[in-house]
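Here the structure comes first, spelled out in structure tokens, and everything after it is commentary.
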Amino acid sequence: MSNNLGAGKTLELVEGLRATVRDIADRAEKLNQEFASRCNQEHRQRDRTAAEQAQELDAAIAEADAAFAAAKQAATAKFERRKERIGNAYQASKERCLQAVETTTGASKYELQKRMLQAERDRDAGLANAATALQEFKASLAAEQEVLVQLEAQAHTSFKGHRKLVALLASAAERAAPESSTDEHQMLAALRDLLEKARGDLQRLRKFLLLRLFKYWPGWVLLILCLIPFIFQRYGYNRAAQWDAGWAVLAGIVVLFAARYLGRRNALPLARTITGTLGKARRLHDAASQRSEAHYQQELERIKTEFETTTRAVDQELKQTIARAGELRVACRMSADAKTSRALQTNEGLHRAKMQRLEQDHAGAANQLRRAAEVRQKAEVEAGAIREQKFTSEYNAQWQKLEAEWQSRIQPVYATIAAATDAAEKLFPPWQPETLQTWAPPKRFSAAAKFARLEVDVEALSELRSRDHRLALPGPSKFSAPLCLVYPEQGSLLFETGAARRDEAIGALNNVILRLLATSPPGRLNFTIIDPVGLGQNFAGVMHLADYEEQIINSRIWTQSGQIEQKLADLNEHMEKVIQMYLRNEYATIAEYNEQAGVIAEKYYFLVVADFPANFTETAAKRLLSIANSGARCGVYTLIHWDERQPLPPEFIPDELRKSSVCVTATDSTMFLGRRPKGQTRPTAVPPLPGTHLVLDAPPTPEYAIQFVQRVGQSSRDSSRVEVPFEHVAPPEPDIWSEETTGELRVPIGRTGATKFQY
């Protein structure tokens, strides 16, 4: 595994170092503070106890050495002092008791005030909710009333011409039974069901053709039939024909009325159902409206009653609280008086007993006090020593763990950075004349290119005022970490600058080009260079390669919009060929493919752009994003200088370009790497870490660069020609003379892809 770290990995290591130093240093400081606090507390406790014991011993010895009279006087004085303390204790106890009463009373008053405020809020919220519910219900009821009116109109239209049915409809609401439900929402639901049922019954009523047929016809038809005899008489028909016509008229009248009667009789049950449904719906609608108003008034009355009940209860409890507080104050005083009286009596008894004991024990009191004091002092010293030894052992054990964790977390970071630094120094030596003399084309691509270094001051990085001497760094507190592009994972580079530090960015791009040429075999790299503002001057030194092998830099540096579009299209076409012909679903990246391909390995392509987005059309910008997003897998990488003063093409998304590149952002005073803030997946211009400073690698002098490019060019002559050794094509020894030529003759003439032959 290569020791070359990508710039992102290096930055992650530095951030991890910062977090580790701060974490463990903070924990060490906390551990030291806790240990010092415990030691100081133990010492203060020991000194305080010793002082108290010494004072007690001195007082006891003074009393024992005094004359009997002095002892009696001391006992009396002690009695008076105790009496005074009892008096002070009495006053303090009474004050504490009264204060507790006041506190309890205040808390009760506060709770009652809270209940009163909550009751007011509940009342206001209840009134608002009741009004809102009434308005919403009336709106719903109004919508259903519109439907009811429409259905009544449809029924009236259907019954027109049948007075009996119309009369049924008119009196339907009066005949409907009153609604038994007391909930207006249930009434509304029932109303909707009735309206739906009435709508269905009206649709069924339309199927009664006789009822519809005789809606308007009977009067006109009867008139025509009555005129038939007069018509016969007018035009001279005989009396027999007139009688026949009269009988026909009579028969027609009978038939019409019979048909009308049958149609109405068949439709009458359904019509009664419809009128009953609509009448009940009308009755239900009116009842629901009245019920909603009544329910609203009930809600108002309930809310008012609840508020008044709560108010009365709060007032009553407040009065009880005030009365109880008065009782407690009286009880406090009485209890304090009783306790004080008992204490004074006890004090009198103790004083008398003391005087008696002094007379009996005066001789041996002093020695006994000394022995007791020595025993207590010795026990306290031993107990303190045991406690101090215990938490000292705990402190040392915790420090051992902390030191072990420090070494296990810091040492790998320093080791990794040291290994990366050694690898970078060997692979990317300074541009010195002796380096040029000893340089020779490598056999393998190093898969890395150093472009800068990150100067790190660990003390400033961790932002600590001090650090425990036991947390020694395994290396210098100030060191330099190389920043490299690594392939195939992180090989693209993006500089974002304004007017300041543009030249540094261009120089860094030239340096990366030379580093890539210095660490790759001849013919393994291809550069497409775009310089629309400098017209090629920014990369003039690289053009010497065209004198030896034009394909390395695609013959020239491109500057015009049309040329830029075409070259980006060529790179996209190359990526399509690599994906479809070589990678497919067999290889994740071109690096895996090249390991198998050997001498026919694919080149690495680099798109170098200065002063982006100058002369970039919208199409060119889209092609650039396609290369940035998918190029790494195909061995196509970007080295871009972005001039932030230039307007971006329409619909261009900068983050799509940043997410696939190592980003370097320039300000007027410094340059820093783009970092990924916690929780994000894309690099962005986060201010640099404290204690770090980015230093770009400067390109060699123009004279040195020309000589180096010429040496690279000389070693790259005819490097685009690929020769496959015969043994790579010839069949292995066991396969010779193992096939037949009966059906075909196949001869391998070369390689296609990484492992296949071209026959």
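The values are calculated or read from the model by the stated rules, or taken from the named source; none is laboratory data. Small disclaimer: the values here were computed from a predicted structure and weren't measured. Ideal geometry is used to build each Cβ from the backbone, glycine not excepted, and the neighbour counts take in all protein chains shown. SASA here: full protein model, heavy atoms, side chains in, ligands and nucleic acids out. Shrake-Rupley method; radii C 1.70, N 1.55, O 1.52, S 1.80 Å.
Here are some notes:
- Shape category assigned to the stretch 1-144 from the gyration tensor of Cα positions, a/c cut at 1.5: oblate
- Extension gain, residue 81 back to residue 298 (0.36 nm per residue minus Cα-Cα distance, nm): 70.8 nm
- A cut-off under 14 angstrom between Cβ atoms defines the neighbours of residue 345, and their net charge, with Lys, Arg +1 and Asp, Glu -1, is +3.
- Within the accessible area of the stretch 311-388 (1.4 Å probe), percent carbon and sulfur: 55
- The fraction of accessible area contributed by carbon and sulfur in the stretch 28-75 is 50 percent, rounded to a whole number (1.4 Å probe; ligands and nucleic acids excluded).
- The stretch 484-500 - phi-based ³J(HN,Hα) in whole Hz, Karplus 6.51/-1.76/1.60, Gly and Pro as x: 10, 8, 10, 10, x, 6, 9, x, 9, 9, 10, 9, 10, 9, x, 6, 6
- Centroid-to-centroid separation of the stretch 323-352 and the stretch 1-40 [C-alpha atoms, Å]: 63
- 1.4 Å probe accessible area per residue over the stretch 398-529, in Å²: 43
- Carbon and sulfur %, accessible surface of the stretch 496-630 computed with the full protein complex present, 1.4 Å: 42
- Pairwise FRET efficiency - residue 418 versus residue 36, Cβ, R0 = 25 Å, nearest 0.05: 0.10
- Volume per residue for the stretch 452-606 equals 187 cubic angstrom (convex hull of Cα atoms).
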